[in-house]
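Structure first, then comments.
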Amino acid sequence: MSETVSPDRAVMIRLRARLAVVERAAWFGLVHAIRTRPEETEAFIGSERARCAAGFGTKGWAGDLSEAERAMLAQEVDSGLSQLLEDARAET
């Protein structure tokens, strides 16, 4: 049985692979930063969490989303950044 990948699915798979590559590269950078400059890295992540909360709290960021959708996005981003920092600390 020969299975092929449709062109539409191939686009989705390539995008997914690119996302995975970027995610792994960012993870490496975060772990390196937390090992070499932990205080500065934690301060930076903290400031980015605040910046994202403020940015998603207005129509300035993700203006195409409703207020409820922006609130959900802001919560997911904040939760994700918090979890990343916790995971990076565990790597040291």
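Derivation of every value follows stated rules applied to the coordinates shown; laboratory data play no part. Just so we're clear, the structure is a prediction, and the values are computed from it rather than from any experiment. Cβ atoms come from the backbone with ideal geometry, glycine included; neighbour counts cover every protein chain shown.
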What pairs can you find where one residue is in segment 1-28 and closer than 30 Å to Ala90 by Cβ, the other is in a helix (DSSP H, G or I), and their Cβ atoms are less than 9 Å apart, with a gap of 6+ or different chains?
Ala26/Leu84; Trp27/Leu84; Trp27/Asp87; Trp27/Ala88
In segment 54-68, is there at least one residue being closer than 21 Å to Glu86 by Cα and not small (Gly, Ala, Ser)?
no
Taking segment 50-92 and keeping residues within 17 Å of Trp27 (Cα to Cα), surrounded by 11 or more Cβ atoms within 10 Å (Cβ to Cβ) and within 12 Å of the chain's Cα centre (by Cα) leaves Val77, Asp78, Ser79, Gly80, Leu81, Ser82, Leu84, Leu85
Checklist (1) touching a Gly at 6+ places or on another chain (Cβ under 9 Å); (2) without any contact (Cβ under 8 Å) to a residue 12 or more places away in the chain applied to Ser79, failing item
(1)
Just a yes or no: is a residue in segment 19-33 within 23 Å of Ser79 (Cβ to Cβ), hydrophobic (A, V, I, L, M, F, W, C) and over 14 Å from the mean Cα position of the chain (by Cα)?
yes
